[in-house]
Structure formats: structure tokens, C-alpha cells
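K.L.:
Take a look at the following structure, please.
The values are calculated or read from the model by the stated rules, or taken from the named source; none is laboratory data. A quick note: this is a predicted structure, and the numbers were derived from the prediction, not measured. We place every Cβ from the backbone using ideal geometry, glycine too, and count neighbours over all the protein chains shown. Heads up: the accessible areas ignore ligands, DNA and RNA and are worked out on the full protein's heavy atoms, side chains in. Shrake-Rupley method; radii C 1.70, N 1.55, O 1.52, S 1.80 Å.
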Amino acid sequence: MTNIAVLVKQVPDTYSERKLNESDHTLDRESADAVIDEINERAVEEALKIKEAGEGEVTVLCVGPDRATDAIRKALSMGADKAVHVSDEALQGSDMVATAKVIAGALGKVDGYDLVIAGNEASDGRGGAIPAMLAEILGVPQLTHARELSLEGTTLKVDRETEDGVTHLEANLPAVVSVTEKINEPRYPSFKGIMAAKKKPVETVTVADLGVDAGDLGLPGASSTVLEAAPKPPRAAGERVDDDGDGGVKTAEYLSGQKLI
Amino acid sequence: MAEVLVLVDQVDGEVKKSTFELLTAARTLGEASAVVVGTPGTTGKVKDALASYGAAKVYAAESDDAAAYLVTPKVDALAAVAGQASPAAVLVSATAEGKEVAGRLAIRLGGGVLVDAVGVNADGSVDQSIFGGAFSVKAKAAKGTPVVSLRPGAVEAEQADGAAAEETVALPAADAATSAKVTGVEPVVGGDRPELTEASIVVSGGRGVGSAEKFEVVEKLADSLGAAVGASRAAVDSGYYPAQFQVGQTGKTVSPQLYVALGISGAIQHRAGMQTSKTIVAVNKDAEAPIFEIADFGVVGDLFDVAPQLTDEVAKRKG
Ligand SMILES: Cc1cc2nc3c(=O)[nH]c(=O)nc-3n(C[C@H](O)[C@H](O)[C@H](O)COP(=O)(O)OP(=O)(O)OC[C@H]3O[C@@H](n4cnc5c(N)ncnc54)[C@H](O)[C@@H]3O)c2cc1C
């Protein structure tokens with residue numbers, strides 16, 4: 001029996017325009033369409049595969065505003081069993097340190113978790129460090145940026161892929177894993193799955209339920225402060241030529257004019 | 001002057017260029033101290049290189065465990081040095097591993113983590129470029145020791161003389177209950193091409209290249225320019241090119257002097273990884289392709305005509 005917690009985050013759709021709030025420089029989550037982060041679907045898929053290969057329970061853990069329930073429902077309709085949703089106004093503007101602490105606190109709501117699976121990097125913040133930070137707080141091994149994962153008994157093996165190449169990792173449960181987009185192809189929820197998801201339990205909790213120091217949270221508790229933020233002027237289109245058999249020559253002339261060759 | 005710790009990124013005693021960039025950035029804040037974490041003997045191999053980029057001190061944290069466990073030995077070493085040196089800041093490269101080291105260290109030190117900076121200022125604030133370069137942000141740590149991850153290639157490395165005074169740091173023994181054991185490594189064999197995130201020129205191919213074999217056209221142009229090769233996600237997903245070369249939102253972020261896009265449409269997620277490039281050149285047979293909206297120079301044409309011709313021209317000009 002493997003108890004798996006999957007971290008799911010709702011993010012602004014990258015196809016829509018992303019902005020920062022002018023007042024406090026936090027992400028303007030209202031301005032963009034929100035979707036479940038694609039990488040999280042792969043995390044859910046991997047958790048379901050482990051469950052299906054043996055025995056286990058998959059709990060979705062989501063920290064985010066009320067409307068993040070869409071992301072939770074998507075994960076449940078794929079086949080996760082239940083969900084814990086941490087929703088609290090006090091979280092608005094929380095930084096990575098605070099987010100990691102809240103997730104660690106919320107794991108206390110998942111009875112005896114053995115494995116935490118997350119996406120390796122959210123498409124909105126690109127911090128790429130939450131799973132590692134979570135492992136630090138929990139005091140368990142981190143097997144992050146996994147492009148392949150296998151579990152035999154309580155021994156976890158992972159092929160980690162980063163710019164440095166592939167690293168083979170091994171550790172015993174409990175552990176924290178993050179997956180890359182190469183790990184699997186997530187399933188589409190079936191109609192049955194979508195219907196079943198409506199009846200699955202979602203426990204909504206606030207930070208007060210988690211034993212996290214409220215002083216660490218939100219903008220006031222943030223360990224870093226944004227001093228200024230400004231949109232960059234959009235790039236303008238430059239010169240464009242049609243290739244009349246001399247496109248390569250013209251490009252070379254341009255590059256040499258720019259002293260690039 | 002306060003010390004600024006720099007985590008040294010090295011492979012078999014060869015120091016990565018991004019470490020020299022960190023040492024350069026560290027000098028704008030205080031005195032640069034390099035922290036070497038590796039198997040016994042590593043510091044001896046890298047010390048001269050660190051001295052030539054201005055490292056005043058070199059902390060040697062060496063043990064057999066250092067390479068046998070993931071991430072935690074580096075965090076242990078930095079935490080130990082930070083405990084004794086009370087540094088003004090800790091700088092690491094914003095690689096996958098560097099960001100993880102930075103995040104964990106910030107938790108240990110109770111400090112703030114500033115991710116993926118593109119510049120470090122004398123007042124301790126950093127510049128960041130977010131949403132694929134659509135916004136620039138200036139941020140500062142509000143408490144504790146700031147831990148900064150700096151994007152490779154963002155700061156130009158400048159040489160300076162450093163004393164490189166060596167100091168030994170004792171590493172605690174690794175604990176398999178809290179750390180993942182490294183059972184094998186397959187380093188990227190980049191061949192003679194520069195590393196994607198460090199290259200000053202990147203030539204990328206997209207779905208328009210059509211097959212793995214035909215990616216040779218992209219590679220030939222890259223080699224004539226001394227460039228790194230990149231790929232769009234569609235090219236990677238189609239099996240034309242390995243995943244570690246993917247540029248974009250879920251791949252690498254690159255900011256070279258010149259980015260050449262061959263047969264890439266310019267989807268927003270691809271742009272997120274390359275639109276801060278200084279100059280962008282695009283070749284696409286579709287005049288309506290969105291890549292042209294951000295290209296400084298665009299050729300509407302077949303990449304199999306334009307790229308080989310450009311390769312020849314570059315070779316000719318080199319003489
Ligand atoms: C969450 C998410 C994350 C993503 N992350 C990334 C990412 O990190 N990186 C990334 O690149 N994409 C990413 N994508 C995918 C992205 O949306 C696009 O699908 C992808 O970038 C398209 O790649 P492409 O331009 O090579 O292919 P296409 O869009 O198919 O474009 C191919 C282009 O080649 C041109 N062409 C064809 N033949 C020739 C020829 N002979 N000569 C010249 N031109 C030719 C065509 O006109 C066309 O414009 C992501 C998508 C999502 C949803």
C-alpha cells in the first residue's frame with residue numbers, strides 16, 4: 001500500500017497574456033485563463049500508474065485560491081481518490097519559502113504519506129525548487145527532475161535528467177519526487193471518471209488548520225520583496241525578405257552588418 | 001568587506017563558465033569566496049581558475065560522499081561556511097541543480113531566495129526577467145542571508161586577480177534517510193559545441209526540419225557559426241533531437257547574442273525561452289508565422305535552401 005500525495009497547481013494558461021498586478025507586483029491571476037499546469041497532469045498520471053501496479057491511494061494536494069477547484073476536479077477525474085485544498089486569503093503573495101512550508105504542513109492532512117509527486121517546474125513561477133525545498137523541510141530524500149521512475153517495495157529508483165545529463169538515483173520511501181514532461185503521456189479523463197470525480201471528497205483547509213506560522217505567509221511574511229516591476233517593450237518585427245535564391249547571402253550580409261559574423 | 005559565497009560548478013576539475021560569471025557578480029557586492037564541493041583533490045584542480053576570476057578565498061569541502069549524494073552535500077557545505085562567514089549573499093547558478101541548492105539553503109538559513117536573476121546590484125537587489133522576458137523586475141531579500149540563483153550567460157565574466165586563500169570545511173557524513181544516493185551518471189556529451197545556455201550563438205530547428213537526419217542542416221549552420229544547437233518542443237517530441245536541447249517554457253531559457261530559428265513557428269511557449277536574445281533571425285516558409293513578429297531579420301523561404309547557403313557564406317567570410 002503506497003500512499004501518494006500529488007501536488008497540483010492551477011496556473012494562468014500560457015496561451016493567454018500573463019500580467020502582474022500594478023499595486024503589489026503579484027501575479028494577476030484574474031487576468032489570464034487558469035488551467036491545471038500541464039506538468040501536474042503528468043505527476044497525477046505517474047501516481048496513478050504506481051497505484052494501478054500495486055495498491056495505494058492518491059491524494060491531490062493543492063494550494064491556491066477557490067477557483068483552483070477546477071484543477072483539483074481534473075486530477076480527480078483522471079483517477080485520484082481524494083483531495084486536500086488549502087485556500088486562504090493570507091496566502092496571497094506568498095513566496096517559495098512560505099509555499100513550501102504550507103505544502104509541508106498540508107501533508108500532515110494526508111495520513112502517512114509515503115511518496116510526494118510534483119511537477120518539476122511550474123509554468124508561471126519557474127522557481128523549479130519547491131519539491132527540493134519540501135524535501136528539506138520534511139527531511140526526506142529528493143529524487144527530482146525524473147524522466148523515469150520505478151518503485152520496488154519501498155526502494156525508489158529515478159533517472160534524473162537536467163542540463164548536466166542523466167543521473168541515476170536511489171532512495172527508500174518516504175521521498176519527494178518531481179517529474180519532467182518526458183515522463184509519460186497523461187490520460188484523458190473518461191466520462192465515468194468525470195462523473196465519479198464529483199462525488200470524491202475534497203477537504204478544504206485554511207492555514208490555521210496546518211500549524212504554519214502565519215507571520216511567514218503572504219506578502220508581509222515574504223522573505224523577498226519586489227521593488228519595481230515593469231513590462232518590457234514588446235519586440236518589434238525587423239526587416240523581412242523573400243528568398244529569391246539569395247536568402248542565405250542576404251542573411252550573411254545582415255549578420256556581418258551587425259558584426260555578428 | 002563582507003564575503004559573498006559562490007558555489008563552484010565544475011566537472012572533473014573543469015570549472016564552468018557560469019561560475020566565473022558568479023564570481024564577477026559577487027565582486028559587485030563584496031569579496032568573492034568560492035566554495036568547492038567535491039571528491040578529495042578537487043580544490044587543487046580548480047583553484048588557479050578561481051583565482052583568475054577574483055576569488056579571494058577558496059573553501060574546500062571535500063569528501064567521497066560529496067559526489068555520491070544528490071544536492072544535499074552542496075547545501076551542507078554552503079550552510080557550514082555561511083554559519084562561520086556571515087556572508088552578504090550566497091550566489092549559485094540558476095541551473096536545475098543550482099535552483100534546488102538555493103531553495104534548500106534559503107530554508108536552512110531562514111533567508112530569502114531570489115530566483116533566476118539576470119543581474120546583481122551593489123545594493124544587494126537583483127534584476128529578474130519573468131514570463132519569458134515580458135516583464136522586468138527588481139527584487140530584494142527581506143530577511144536573512146539572500147540566496148541568489150543567477151541565470152547562466154546573463155552577466156559577462158571578467159577576470160581579476162584573487163588570492164584564493166584555501167580554507168578547509170568539514171562536511172557532515174551524508175544520511176541515506178534524508179538524501180538520494182547517486183548510483184550512476186551519464187554526463188551530456190556535448191561534443192565540440194558550446195553548452196546551450198552558455199553559447200553566444202544558438203541555432204535552433206523546429207518541426208519544419210522534418211526528420212532527425214535532416215537536423216544535420218541545423219548542425220552544419222551551427223558549427224560554421226561556432227553555435228550551440230537548440231530545438232523546439234515539436235522537434236523534440238517528433239524525435240528529431242534530444243530533449244535536453246529543447247528551448248522554451250518547459251525547456252531551456254537562452255539569451256544569446258544571436259538566435260537563429262529554422263522552421264519554427266514561434267509559439268508563445270517557444271518564445272518564452274528565447275525572446276530575450278539580442279538578435280533574432282528566422283527562416284520560415286510561411287510569411288504569416290508569428291516568429292517574424294519578433295525577428296530582427298526574417299527570410300520567407302525554404303530552410304533547406306537558405307540555411308546551407310548561409311553556412312557556405314559564413315565559411316567564405318571566415319576565409
Ligand atoms: C504547457 C506547454 C509548454 C510548452 N513548452 C514548449 C517549449 O518549452 N518549447 C517549445 O518550443 N514549445 C513548447 N510548447 C509547444 C508550443 O506550443 C508549440 O507547439 C511548438 O513550439 C511548435 O514547434 P515548432 O515551431 O517547431 O512547430 P510548428 O508550430 O509545427 O511550426 C513548424 C514551422 O516550420 C515551418 N516550416 C515547415 N517546413 C519548412 C521549411 N522547409 N522551411 C522553412 N520553414 C518550414 C512552418 O511554416 C511552421 O511555421 C509548449 C506547449 C505547452 C502547451
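K.L.:
Residues of region A:152-184 being more than 10 Å from every other protein chain (Cβ to nearest Cβ) and either over 19 Å from A:Leu7 (Cα atoms) or surrounded by fewer than 16 Cβ atoms within 10 Å (Cβ to Cβ) (or both), which ones?
P.N.:
Initial filter on region A:152-184 (more than 10 Å from every other protein chain (Cβ to nearest Cβ)): A:152-155, A:173, A:179, A:183-184.
If the condition is that a residue be more than 10 Å from every other protein chain (Cβ to nearest Cβ) and either over 19 Å from A:Leu7 (Cα atoms) or surrounded by fewer than 16 Cβ atoms within 10 Å (Cβ to Cβ) (or both), then A:Glu152, A:Gly153, A:Thr154, A:Thr155 are the ones that fit.
K.L.:
Among (1) open to solvent by 10 Å² or more (accessible area, probe 1.4 Å); (2) outside any helix (DSSP H, G or I); (3) of a type outside the set (Lys, Arg), there is one condition B:Ala32 misses while meeting the rest; what is its number?
P.N.:
For B:Ala32, the failing item is (1).
K.L.:
All but one of (1) more than 9 Å from the ligand (Cβ to nearest atom); (2) part of a loop (DSSP other than H, G, I, E, B); (3) among the aliphatic types (A, V, I, L, M) hold for B:Ile264; which doesn't?
P.N.:
Here B:Ile264 clears every test but (1).
Quick grid of which residues meet (1) in contact (Cβ under 8 Å) with a residue 60 or more places away in the chain; (2) farther than 25 Å from B:Met274 by Cβ:
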{"site": "A:Val212", "(1), (2)": "yes, yes"}
{"site": "A:Leu227", "(1), (2)": "no, yes"}
{"site": "A:Pro233", "(1), (2)": "no, no"}
{"site": "A:Val241", "(1), (2)": "no, no"}
{"site": "A:Gly247", "(1), (2)": "no, no"}
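K.L.:
May I ask you to list the residues in region B:16-27 that are open to solvent by 10 Å² or more (accessible area, probe 1.4 Å) and either modelled with pLDDT of 95 or more or not assigned by TED's automatic domain parsing to the domain that holds B:Ala122 (or both)? Full working, then the answer.
P.N.:
If we filter region B:16-27 for residues that are open to solvent by 10 Å² or more (accessible area, probe 1.4 Å), which is where we start, we get B:16-17, B:20, B:24, B:27.
Across region B:16-27, the qualifying residues are B:Phe20, B:Thr24, B:Arg27.
K.L.:
What residue, of B:Ala315, B:Ala282, B:Ala307, B:Ala295, is more than 18 Å from B:Phe215 (Cβ to Cβ) and either within 14 Å of the ligand (Cβ to nearest atom) or buried (at least 24 other Cβ atoms within 10 Å of the Cβ) (or both)? Can you show your working first?
P.N.:
Values: B:Ala315 fails: either within 14 Å of the ligand (Cβ to nearest atom) or buried (at least 24 other Cβ atoms within 10 Å of the Cβ) (or both); B:Ala282 fails: more than 18 Å from B:Phe215 (Cβ to Cβ); B:Ala307 fails: more than 18 Å from B:Phe215 (Cβ to Cβ).
When all the criteria are applied, what remains is B:Ala295.
K.L.:
Now a separate question. Would you tally the residues in region A:214-249 being at the interface with chain B (Cβ under 7 Å from one of its Cβ atoms) and open to solvent by 50 Å² or more (accessible area, probe 1.4 Å)?
P.N.:
We begin by selecting, within region A:214-249, every residue at the interface with chain B (Cβ under 7 Å from one of its Cβ atoms); these are A:222-232, A:235, A:237-243, A:247-249.
From what is left, the residues that are open to solvent by 50 Å² or more (accessible area, probe 1.4 Å) are A:225-228, A:231-232, A:235, A:237, A:239-240, A:242.
Number satisfying all stated conditions: 11.
K.L.:
A further question follows. Inside region B:193-216, can you point out the residues that are within 16 Å of the ligand (Cβ to nearest atom) and over 12 Å from B:Ala261 (Cα atoms)?
P.N.:
So the first thing to find is which residues in region B:193-216 are within 16 Å of the ligand (Cβ to nearest atom), and the list is B:196-197, B:202-216.
If the condition is that a residue be within 16 Å of the ligand (Cβ to nearest atom) and over 12 Å from B:Ala261 (Cα atoms), then B:Leu196, B:Thr197, B:Gly210, B:Ser211, B:Ala212, B:Glu213, B:Lys214, B:Phe215, B:Glu216 are the ones that fit.
K.L.:
Restricting the search to region B:113-141, which residues are facing chain A (nearest Cβ under 7 Å) and either not aliphatic (A, V, I, L, M) or not in a strand (DSSP E or B) (or both)?
P.N.:
Of the residues in region B:113-141, the ones facing chain A (nearest Cβ under 7 Å) are B:113-116, B:125, B:131, B:133-141.
Residues satisfying the conditions are B:Asp116, B:Ser125, B:Phe131, B:Gly133, B:Ala134, B:Phe135, B:Ser136, B:Lys138, B:Lys140.
K.L.:
For the subset of region B:188-202 comprising residues that are touching a helix residue (DSSP H, G or I) at 6+ places or on another chain (Cβ under 7 Å) and in a loop (DSSP other than H, G, I, E, B), which member is nearest to the other protein chains (Cβ to nearest Cβ)? Show your work before the answer.
P.N.:
Pass one, region B:188-202, residues touching a helix residue (DSSP H, G or I) at 6+ places or on another chain (Cβ under 7 Å): B:188, B:193, B:196, B:198, B:201.
Narrowing further to those that are in a loop (DSSP other than H, G, I, E, B): B:188, B:193, B:196, B:198.
On the way: B:Val188: 4, B:Arg193: 13, B:Leu196: 7, B:Glu198: 10 Å.
That would be B:Val188.
K.L.:
Here's another thing I want to ask about it. Using the structure shown, decide if B:Val71 is away from every other protein chain (no Cβ under 11 Å) and open to solvent by less than 10 Å² (accessible area, probe 1.4 Å).
P.N.:
Working: away from every other protein chain (no Cβ under 11 Å): no; open to solvent by less than 10 Å² (accessible area, probe 1.4 Å): yes.
No: the conditions fail for B:Val71.
K.L.:
Of the residues in region B:225-245, how many are facing chain A (nearest Cβ under 9 Å) and either near the ligand (Cβ under 9 Å from one of its atoms) or touching an Asp or Glu at 6+ places or on another chain (Cβ under 9 Å) (or both)? Show your work before the answer.
P.N.:
The first filter runs over region B:225-245 and keeps only residues facing chain A (nearest Cβ under 9 Å), leaving B:225, B:233, B:236, B:243-244.
From what's left, either near the ligand (Cβ under 9 Å from one of its atoms) or touching an Asp or Glu at 6+ places or on another chain (Cβ under 9 Å) (or both): B:233, B:236, B:243-244.
Looking only at that region, the number is 4.
K.L.:
Name the residue that is farthest from the ligand (Cβ to nearest atom), counting only residues in region B:246-261 that are of a type in the set (A, V, I, L, M) and at the interface with chain A (Cβ under 9 Å from one of its Cβ atoms). Can you show your working first?
P.N.:
First, the residues of region B:246-261 that are of a type in the set (A, V, I, L, M): B:247, B:254, B:258, B:260-261.
If we keep only those that are at the interface with chain A (Cβ under 9 Å from one of its Cβ atoms) too, we end up with B:258, B:260.
Working: B:Leu258: 18, B:Val260: 12 Å.
The qualifying residue farthest from the ligand (Cβ to nearest atom) is B:Leu258.
K.L.:
Also, quick follow-up: Quick check, is B:Ala94 surrounded by 20 or more Cβ atoms within 10 Å (Cβ to Cβ), at negative phi and under 20 Å from the mean Cα position of the chain (by Cα)?
P.N.:
yes
K.L.:
Within region B:89-107, track down each residue that is polar (S, T, N, Q) and at the interface with chain A (Cβ under 9 Å from one of its Cβ atoms). It would help to see each step written out before you state the result.
P.N.:
In the first step, residues of region B:89-107 are kept if they are polar (S, T, N, Q); the result is B:93, B:95.
Correct list: B:Thr95 only.
K.L.:
Scan region A:119-142 and give yes if some residue there is part of a strand (DSSP E or B), modelled with pLDDT of 90 or more, open to solvent by less than 10 Å² (accessible area, probe 1.4 Å) and at the interface with chain B (Cβ under 7 Å from one of its Cβ atoms), otherwise no.
P.N.:
Within region A:119-142, one or more residues are part of a strand (DSSP E or B), modelled with pLDDT of 90 or more, open to solvent by less than 10 Å² (accessible area, probe 1.4 Å) and at the interface with chain B (Cβ under 7 Å from one of its Cβ atoms).
K.L.:
What do you reckon, is A:Val84 modelled with pLDDT under 90, open to solvent by less than 20 Å² (accessible area, probe 1.4 Å), away from the ligand (no atom under 16 Å from the Cβ) and over 13 Å from the mean Cα position of the chain (by Cα)? Break it down into steps so the answer makes sense when it comes.
P.N.:
Working: modelled with pLDDT under 90: no; open to solvent by less than 20 Å² (accessible area, probe 1.4 Å): yes; away from the ligand (no atom under 16 Å from the Cβ): yes; over 13 Å from the mean Cα position of the chain (by Cα): yes.
Against the criterion (modelled with pLDDT under 90, open to solvent by less than 20 Å² (accessible area, probe 1.4 Å), away from the ligand (no atom under 16 Å from the Cβ) and over 13 Å from the mean Cα position of the chain (by Cα)), A:Val84 does not qualify.
K.L.:
Out of A:Val212, A:Val249, report the one residue that is hydrophobic (A, V, I, L, M, F, W, C) and in a loop (DSSP other than H, G, I, E, B). It would help to see each step written out before you state the result.
P.N.:
Details: A:Val249 fails: in a loop (DSSP other than H, G, I, E, B).
Only one candidate passes the filter, namely A:Val212.
K.L.:
Criterion first (modelled with pLDDT under 95, under 28 Å from A:Arg147 (Cβ atoms), part of a helix (DSSP H, G or I) and within 8 Å of the ligand (Cβ to nearest atom)) does B:Gln269 satisfy it? Steps first, answer last, please.
P.N.:
On the way: modelled with pLDDT under 95: yes; under 28 Å from A:Arg147 (Cβ atoms): yes; part of a helix (DSSP H, G or I): yes; within 8 Å of the ligand (Cβ to nearest atom): yes.
Judged against the criteria, B:Gln269 is a match.
K.L.:
So, in region B:169-187, exactly how many residues are touching a residue at least 40 places away in the same chain (Cβ under 8 Å), open to solvent by 50 Å² or more (accessible area, probe 1.4 Å) and part of a strand (DSSP E or B)?
P.N.:
Adding up the residues that qualify gives 2.
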